[in-house]
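Participant: Before anything else, here's the structure in question.
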Amino acid sequence: MSRSALVLFSGGQDSTTCLAWALSRFERVETIGFDYGQKHIVEMTCRDTILGRIGGLRANWSERLGEDHLIDLGILGQISETALTQDMAIAIAEDGLPNTFVPGRNLLFLTLAAAVAYRRGIRHLVGGMCETDFSGYPDCRDDTIKALQVTLNLGMDKRFVIDTPLMWLDKAATWQLAEEVGGTNLVDLILEGSHTCYTGDRSHLHDWGYGCGECPACRLRAKGYENFRSRNATFTGRRE
């Protein structure tokens with residue numbers, strides 16, 4: 001087993017699954033989160049909830065879960081004109097990308113995470129990037145992550161490994177992975193504690209979790225949960 005990992009942890013479904021995945025594989029797991037002026041800032045509160053509960057889901061997870069690092073990246077929100085950082089409706093931009101795409105976000109996240117990992121003596125960086133359900137975001141592509149890994153290793157003279165356990169999974173398979181590594185209790189924690197909705201809505205509880213139910217993130221999460229339930233007849237979560 002590799003010794004340590006740093007998980008990019010937002011408080012959403014994907015990063016919570018990645019955190020559990022890392023806790024099942026590494027002896028020491030630290031987390032890093034970013035406040036970049038996102039409209040769904042409620043996810044930062046959800047981070048605390050999940051970090052406070054996830055250690056109790058499996059033997060040794062509480063001992064493996066280490067320090068949490070919060071980075072003020074407000075400058076990214078200041079220079080971005082996107083539906084995640086400005087008051088505008090979600091739409092498809094002229095370049096064909098949804099205007100929820102925040103240019104440079106994952107590149108900055110991983111670069112700053114590598115800088116923290118360098119100082120902390122951590123080799124593995126874990127992120128929830130996914131090329132299967134990624135809304136066309138270019139900084140979620142496998143080629144982008146591989147190229148950035150090379151750049152970080154050259155620029156810092158290290159041998160970082162960027163692990164992306166969700167890269168080739170659809171949302172149903174992401175729910176399945178959560179159940180495999182953390183059982184029904186982890187699925188329930190994701191349902192009740194995580195946040196994915198772009199609008200920051202925590203007033204509506206659906207069978208797949210909290211959210212407005214209309215934004216692209218909610219629709220993707222809901223469809224994935226429905227497919228997960230239909231594929232997995234043995235799942236016995238709390239909400240039927």
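The values are calculated or read from the model by the stated rules, or taken from the named source; none is laboratory data. The shown structure was predicted, so the numbers you read here are calculated from the model rather than taken from an experiment. Note that we place each Cβ from the backbone using ideal geometry, even for glycine, and neighbour counts take in every protein chain shown.
Participant: Given the criteria aliphatic (A, V, I, L, M), closer than 22 Å to Thr100 by Cα, crowded, with 16+ Cβ neighbours inside 10 Å and out of contact with any Leu (no Cβ under 6 Å at 6 or more places or on another chain), does Ile190 qualify? Let's see the steps before the verdict.
Facilitator: Values: aliphatic (A, V, I, L, M): yes; closer than 22 Å to Thr100 by Cα: no; crowded, with 16+ Cβ neighbours inside 10 Å: yes; out of contact with any Leu (no Cβ under 6 Å at 6 or more places or on another chain): yes.
In short, no.
Participant: If Thr82 satisfies all but one of (1) among the β-branched types (Val, Ile, Thr); (2) in contact with a Phe, Trp or Tyr (Cβ under 8 Å, 6 or more places away or on another chain); (3) closer than 19 Å to Phe34 by Cβ; (4) touching a residue at least 24 places away in the same chain (Cβ under 8 Å), what's the number of the condition it fails?
Facilitator: If we test Thr82 against (1) among the β-branched types (Val, Ile, Thr); (2) in contact with a Phe, Trp or Tyr (Cβ under 8 Å, 6 or more places away or on another chain); (3) closer than 19 Å to Phe34 by Cβ; (4) touching a residue at least 24 places away in the same chain (Cβ under 8 Å), just (4) comes out false.
Participant: Take the range 119-175 and flag every residue that is part of a strand (DSSP E or B) and in contact with a Cys (Cβ under 9 Å, 6 or more places away or on another chain).
Facilitator: Let us first name the residues in the range 119-175 that are part of a strand (DSSP E or B), namely 124-126, 161-163.
Residues satisfying the conditions are Val126, Asp163.
Participant: I need a count of the residues in the range 115-137 that are farther than 22 Å from Ala20 by Cβ and either touching a helix residue (DSSP H, G or I) at 6+ places or on another chain (Cβ under 7 Å) or basic (Lys, Arg) (or both). Write out each step before concluding.
Facilitator: The initial filter retains those residues of the range 115-137 that are farther than 22 Å from Ala20 by Cβ, namely 115, 118-119, 121, 135-137.
Then drop every residue that is not either touching a helix residue (DSSP H, G or I) at 6+ places or on another chain (Cβ under 7 Å) or basic (Lys, Arg) (or both), which leaves 118-119, 135.
The number of residues fulfilling the criteria is 3.
Participant: Identify, by number, the condition in (1) more than 26 Å from Gly55 (Cα to Cα); (2) surrounded by fewer than 17 Cβ atoms within 10 Å (Cβ to Cβ) that Glu180 doesn't meet.
Facilitator: Against the list (1) more than 26 Å from Gly55 (Cα to Cα); (2) surrounded by fewer than 17 Cβ atoms within 10 Å (Cβ to Cβ), Glu180 comes up short only on (1).
Participant: Can I ask one more? Could you say whether any residue in the range 19-41 is surrounded by fewer than 22 Cβ atoms within 10 Å (Cβ to Cβ), part of a helix (DSSP H, G or I), of a type in the set (Gly, Ala, Ser) and modelled with pLDDT of 95 or more?
Facilitator: No, the range 19-41 contains no residue that is surrounded by fewer than 22 Cβ atoms within 10 Å (Cβ to Cβ), part of a helix (DSSP H, G or I), of a type in the set (Gly, Ala, Ser) and modelled with pLDDT of 95 or more.
Participant: Can you work out which of the residues in the range 58-80 that are touching a helix residue (DSSP H, G or I) at 6+ places or on another chain (Cβ under 7 Å) and assigned to a loop (DSSP other than H, G, I, E, B) is nearest to Gly211 (Cα to Cα)?
Facilitator: Going through the range 58-80, the residues touching a helix residue (DSSP H, G or I) at 6+ places or on another chain (Cβ under 7 Å) turn out to be 58, 61-62, 64-65, 68-69, 71, 73, 76.
Those left that are additionally assigned to a loop (DSSP other than H, G, I, E, B): 58, 73.
Working: Arg58: 28, Leu73: 25 Å.
Per the stated criteria, the residue is Leu73.
Participant: Here is a further query. Looking at the range 63-113, which of its residues are farther than 19 Å from Leu125 by Cβ, in contact with a Cys (Cβ under 9 Å, 6 or more places away or on another chain) and not aliphatic (A, V, I, L, M)?
Facilitator: Once the filter is applied, which keeps residues that are farther than 19 Å from Leu125 by Cβ, in contact with a Cys (Cβ under 9 Å, 6 or more places away or on another chain) and not aliphatic (A, V, I, L, M), the range 63-113 yields only Thr100.
Participant: Give just the number: which of (1) assigned to a helix (DSSP H, G or I); (2) buried (at least 21 other Cβ atoms within 10 Å of the Cβ); (3) touching a strand residue (DSSP E or B) at 6+ places or on another chain (Cβ under 6 Å) does Gly55 not satisfy?
Facilitator: (2)
Participant: Within the range 195-213, restricting attention to residues that are under 19 Å from the mean Cα position of the chain (by Cα) and in contact (Cβ under 8 Å) with a residue 24 or more places away in the chain, which residue is farthest from Thr17 (Cα to Cα)?
Facilitator: Thr199
Participant: For the range 130-144, check the following and say yes or no: at least one residue is touching a Gly at 6+ places or on another chain (Cβ under 9 Å), aromatic (Phe, Trp, Tyr), crowded, with 16+ Cβ neighbours inside 10 Å and farther than 28 Å from Arg3 by Cβ.
Facilitator: Looking through the range 130-144, none of the residues is touching a Gly at 6+ places or on another chain (Cβ under 9 Å), aromatic (Phe, Trp, Tyr), crowded, with 16+ Cβ neighbours inside 10 Å and farther than 28 Å from Arg3 by Cβ.
Participant: Can you name the number of the only condition in (1) within 18 Å of Phe9 (Cα to Cα); (2) under 18 Å from the mean Cα position of the chain (by Cα); (3) without any contact (Cβ under 8 Å) to a residue 60 or more places away in the chain that Gly127 fails?
Facilitator: Failing condition for Gly127: (3).
Participant: May I pose another question? Filtering the range 96-118 down to residues that are outside any helix (DSSP H, G or I) and either out of contact with any Phe, Trp or Tyr (no Cβ under 9 Å at 6 or more places or on another chain) or at positive phi (or both), which residue is surrounded by the most Cβ atoms within 10 Å (Cβ to Cβ)?
Facilitator: Residues of the range 96-118 outside any helix (DSSP H, G or I): 96-104.
Subset that is either out of contact with any Phe, Trp or Tyr (no Cβ under 9 Å at 6 or more places or on another chain) or at positive phi (or both): 96, 99, 103-104.
Values: Gly96: 7, Asn99: 18, Pro103: 16, Gly104: 13.
Going through the qualifying residues, I end up with Asn99.
Participant: Also, quick follow-up: Glu240 passes all but one of (1) assigned to a loop (DSSP other than H, G, I, E, B); (2) acidic (Asp, Glu); (3) at pLDDT 95 or above; which number fails?
Facilitator: Tallying (1) assigned to a loop (DSSP other than H, G, I, E, B); (2) acidic (Asp, Glu); (3) at pLDDT 95 or above, Glu240 fails exactly one: (3).
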